[in-house]
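Taking it in order: structure first as structure tokens, then the write-up.
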Amino acid sequence: MSTSDVTGLSTAVAARADSREPRLLHAAGVDLRLEGCMLRTAQLADEYFVATPEPTPLLEALHDCGRRIDLLTIVQALHATQPDACVAQMPGARLSWDPLAVLPLSSYAHWFEHQLTFKPRNRLRKSARCGIRTGPVDFDDAFVRAIQAIYDESPLRQGKANRHYGKSLATLRREHATFMDRSEFVGAWLGAELVGFAKVTHCGPSSIVMNMVAKLAHRDKSPTNALLAQVVERSAARGSQLLNYGIWGRRGLNEFKVANGFVRLDVPRWHLPLSAAGRCALALGLQRRWAERLPEAWIVRLADARAAWNTWRMQRLHPGANAPHEA
């Protein structure tokens, strides 16, 4: 589907894209995001990308902030996979686990020869034969315009609404200009056209893929495989021991991760109560999202239903248009 096919997708979608602003709170020197209505939970606005502060002064600051907050949730660093004994002794502390997709790193050569499986290795070679080239790219106005064109190619990604679709240049620049002192952007070009990009942020002994997206029109040339190879090479060169690529999920993108050598790593997450409602919620296990409570088969069926609904909705808005599917 071309960009012109989707530019008429409901002006309300574009308006919502620029108006999504999470509820933020600054306390004890860190920015937190507030979620929930009945149960108000605070967590670091940039989890994994910033160091987790000591919980005691943070709890004290939240108690005195003048706003109703029931729970504080904090996650340990990627390389700290054993539960923190000090946090475990705090009153009411409850432990859960974040399942993350990580790639253990030693060198690019080791990844290519021993961790990368047959199919993505061939796709990586194919991308080069098709003329895809990758390398670092400057974060400037031309780059922001190029990534806007990539995002606006389709309102759907992986069967879900594309949350960056229809955003203004100013919004995209602001959202992508985070952690610039320790982030790198890499691009994938076909000729003079930028057909994909990735942002990787380095956090101590680990690196995190903040974003990686390519044009659907060129998916047959495997630009995403080429982008990931460039990210792995640059992260290994700086000495990163782990490369994180989001959560460990189901099918789709997770199959891509597995084929490229990513494994599951469970990282401790702590839930600390700040109110009677918070203590009650922890006792009942209500800190867990509803999706975490459902059987695996139900979640897969619901995901399929969501993808079908989104595809139908887009085709209704654009008769005759084929919904894009990522390889």
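The distance separating the Cα centre of the range 214-232 from that of the range 116-154 comes to 5 Å.
For Tyr108, the solvent-accessible surface with a 1.4 Å probe is about 70 Å², rounded to the nearest 10. Computed over neighbours whose Cβ is under 15 Å from that of Arg279, the net charge equals +2, Lys and Arg +1, Asp and Glu -1. Accessible surface calculations at 1.4 Å, restricted to protein heavy atoms, place the range 31-102 at 51 Å² per residue. Only lysines eight or more places from Lys126 in sequence, or on another chain, were considered; those with a Cα closer than 22 Å are Lys215, Lys221, Lys257.
The values are calculated or read from the model by the stated rules, or taken from the named source; none is laboratory data. Model, not experiment: these values are computed from the prediction. Note that each Cβ is placed from the backbone with ideal geometry, even for glycine, and that neighbours are counted across all protein chains shown. To get the accessible areas, we keep the full protein, side chains included, count just its heavy atoms, and leave off ligands, DNA and RNA. Shrake-Rupley method; radii C 1.70, N 1.55, O 1.52, S 1.80 Å.
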